[in-house]
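Here's the structure we're looking at; comments come further down.
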Amino acid sequence: MAVQYDPNVIQAHAEALYAQAKGIVVRGGLAGFAIGALVGYAVGGQNAGPTLAVVSGVLLAIIGVAMARSRAFALQLQAQSALCSVAIEANTRRSADAAMAASRPAGSAQLSQAG
């Protein structure tokens, strides 16, 4: 079975990358908060545990979001690169079709019109 070009596959891949980029920021923040809260509570003990857990959770959530945003940007850039390839192919195909139509001999155009 020969594989053929299908721009819809690339479009679907780009949409999936954008969806993944959206979710990764939320997951990064939640994971950072959860890990920070656990570590803060474990380090703080019973006295300062809840306060330290919230503070460390917020700090690690900020770090997690920052790290996830850079990864999300890389995913969005990958999606844009794939979409750019599709646009280049479509524009090239259009130009090639126009060049083929312009290079047809004038006599063949007249014969098809007269017949």
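Please treat every number below as a calculation from the coordinates, not as lab data. Quick caveat, the model's predicted, so the values are computed rather than measured. FYI the Cβ positions are ideal-geometry reconstructions off the backbone, even for glycines, and counts take in every protein chain you see.
Figures for the structure shown
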quantity: Between helix 7-44 and the chain: long-axis angle, C-alpha atoms, 0 to 90°, nearest 10; calculated: 10
quantity: Computed helical MRE - 222 nm, the chain, DSSP H runs ≥ 4 contributing -39500 (n - 2.57), nearest 500; calculated: -32000 deg cm²/dmol
quantity: Selection of chymotrypsin sites (Phe, Trp or Tyr not before Pro), segment 1-99, meeting DSSP coil and at most 13 other Cβ within 10 Å; calculated: TYR5
quantity: Alpha-carbon radius of gyration plus Dmax, which is the widest Cα pair, for the chain in Å; calculated: 27.7, 98
